[in-house]
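Since the structure comes first, as structure tokens, the remarks are kept for the end.
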Amino acid sequence: MACQINKNCTFESLRTNVLKHKSIMKKFIITVLAVIIASFAWAQKLQEKDVNAVIKGDFNTRFSETGTVKWSKDQNKIVAKFVKDEMNVEVMYENNAWQQTNWNFPTKYTPQSIKEYIGKNNAGFKLASIALVDKGMDRQYKVLITKKKLKQTLIFDLNGMFLRTDA
């Protein structure tokens with residue numbers, strides 16, 4: 001029971017009240033620190049002028065007509081994002097070298113064989129997103145399916161044949 005003004009307070013009730021407020025402040029400070037740390041951990045925006053000339057040259061060779069490009073830096077990776085037709089495209093570079101391109105496209109364009117596999121082998125799951133992941137000679141469909149709070153990532157080859165489930 002907390003002490004009130006003009007009431008007799010015991011030492012124990014005062015101590016309990018102080019400890020309760022310290023606990024609330026401690027939680028508040030930890031939460032604020034966590035938010036600050038998380039904001040620095042996320043990708044940092046880059047101006048195009050700050051992107052390495054080698055990366056810009058490679059990007060312009062691969063994608064000549066992109067429109068607006070948003071650049072960011074996430075740890076050691078430089079990422080370029082843009083929209084082409086109905087696709088959200090992410091191009092990733094690491095150590096000044098192209099690593100992969102993710103072509104995220106509307107689920108309505110999902111190959112029929114992938115839709116059939118999901119319907120037959122993943123009852124109750126819905127198609128949430130699909131991307132064509134290009135890593136040079138390695139090209140695959142990366143499909144996210146959901147069922148309430150459950151999420152699974154399925155990998156298919158270019159012919160729509162199931163390869164594996166990623167964690």
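Between D85 and A97, the simple label model (points 7 Å from Cα in the Cβ direction) yields a spacing of 3.0 nm.
Once you have a ≥ b ≥ c as the square roots of the Cα gyration tensor eigenvalues for region 55-167, tell me rounded if a/c is under 1.5, and otherwise prolate or oblate according to whether a/b is larger than b/c. Show your work: numbers first, answer last.
Numbers: a/c = 2.11, a/b = 2.01, b/c = 1.05.
Cα axes put region 55-167 in the prolate bin.
When you restrict to C-alpha pairs under 8 Å that are six or more residues apart and normalise by the size of region 39-107, the relative contact order lands at 25 percent. Per-residue extension of 0.36 nm, minus the Cα-Cα distance of F162 and D58, leaves a gain of 34.2 nm for this segment. Evaluating 6.51 cos²θ - 1.76 cosθ + 1.60 at θ = phi - 60° for every residue in region 62-67, the Karplus couplings come out as 6, 9, 6, 10, 10, x Hz, glycine and proline recorded as x.
Taking the highest mean first, how do the peptides 77-85, 49-57 order by number of other beta carbon atoms within 10 angstrom per residue? Let's see the in-between values first.
Numbers: 77-85: 16.4, 49-57: 12.3.
Per-residue Cβ counts within 10 Å, averaged per peptide and sorted highest first, yield 77-85, 49-57.
Candidates Q99, A128, P111 compared by Cα position along the dipole of region 59-167: farthest toward the positive end lies A128, with charges placed on Cβ.
The numbers here are math on the coordinates, done by the rules we state, and not lab data. Predicted model, so just to flag it, every value in this text is computed and none were measured. Glycine gets a Cβ as well: all are built from the backbone with ideal geometry, and neighbour counts include every protein chain shown.
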